[in-house]
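Inspection log for the structure reproduced underneath, given as structure tokens.
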Amino acid sequence: MLTRSDRDQILRGLYYRGRIDERSHLFAHIFATDYFGMMIVHNKKEGDKKTYRMEIDKEEDVKWNFFHGRDDIDPTASGDWMLVCAYRSTGDHPVAEFHLVEEATTVKSLSSA
């Protein structure tokens with residue numbers, strides 16, 4: 001059985017072996033191989049109440065797994081290490097370009113309520 005500590009240790013190791021995704025928020029790292037890849041975030045829980053969404057720029061021959069959905073991702077709802085999404089190859093030439101971006105907050109005015 002995989003404990004939370006085991007899970008955190010695995011995600012931490014893959015996080016530091018991955019590359020920093022400069023376009024993603026929260027210092028997301030992407031660990032990728034020829035056959036699969038994943039995005040991991042180190043959640044520092046700094047009181048940030050923002051939500052995020054996955055933005056996919058390009059995808060070919062991949063199958064996705066979004067562990068927290070594609071929208072309204074709340075990093076404070078997870079532990080110290082958050083597996084945001086993963087993909088696996090479904091063909092010979094998989095392409096996956098994706099980023100974690102802050103969702104725009106909308107405020108309704110009193111006149112439109």
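Listed by first and then second residue, the pairs linking a residue in the stretch 27-44 that is free of Cβ contacts under 8 Å to residues at least 60 places away in the same chain and in a strand (DSSP E or B) to a residue that is surrounded by fewer than 19 Cβ atoms within 10 Å (Cβ to Cβ) and among the hydroxyl-bearing types (Ser, Thr, Tyr), with Cβ atoms under 8 Å apart and 6 or more places separating them unless they lie on different chains, are 29/16; 36/89. For the stretch 1-28, a residue qualifies if it is among the aromatic types (Phe, Trp, Tyr) and at positive phi, and exactly one does: 27.
Out of 53, 17, one residue alone is touching a residue at least 12 places away in the same chain (Cβ under 8 Å), farther than 19 Å from residue 102 by Cα and among the charged types (D, E, K, R). It is 17. Name the single residue that is surrounded by the most Cβ atoms within 10 Å (Cβ to Cβ) among those in the stretch 34-50 being more than 19 Å from residue 103 (Cα to Cα) and either at pLDDT 95 or above or of a type in the set (A, V, I, L, M) (or both). The selected residue is 38. Within the stretch 65-81, the set of residues being in contact (Cβ under 8 Å) with a residue 60 or more places away in the chain and not small (Gly, Ala, Ser) comprises 80, 81.
So that you can scan it fast, the table gives a plain yes or no per residue for (1) within 17 Å of residue 29 (Cα to Cα); (2) modelled with pLDDT of 95 or more:
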position: 56; (1), (2): yes, yes
position: 60; (1), (2): no, yes
position: 86; (1), (2): yes, yes
position: 93; (1), (2): no, no
position: 113; (1), (2): no, no
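Among the residues here, residue 103 does not qualify as surrounded by fewer than 16 Cβ atoms within 10 Å (Cβ to Cβ) and either over 15 Å from the mean Cα position of the chain (by Cα) or at pLDDT 90 or above (or both). Filtering the stretch 4-27 to residues that are within 28 Å of residue 104 (Cα to Cα) and aromatic (Phe, Trp, Tyr) leaves 15, 27. Scanning the stretch 8-21 for residues that are assigned to a loop (DSSP other than H, G, I, E, B) and closer than 19 Å to residue 73 by Cα yields a total of 1. Could you check the stretch 1-31 and list, in sequence order, the residues that are surrounded by fewer than 16 Cβ atoms within 10 Å (Cβ to Cβ) and among the small types (Gly, Ala, Ser)? Answer for the stretch 1-31, where residues must be surrounded by fewer than 16 Cβ atoms within 10 Å (Cβ to Cβ) and among the small types (Gly, Ala, Ser): 5, 13. Is it the case, given these coordinates, that residue 62 is in contact (Cβ under 8 Å) with a residue 12 or more places away in the chain and within 18 Å of residue 75 (Cα to Cα)? So residue 62 does not fit the description; no.
The values are calculated or read from the model by the stated rules, or taken from the named source; none is laboratory data. A quick note: this is a predicted structure, and the numbers were derived from the prediction, not measured. All Cβ positions, glycine included, derive from the backbone under ideal geometry; neighbour counts span all protein chains shown.
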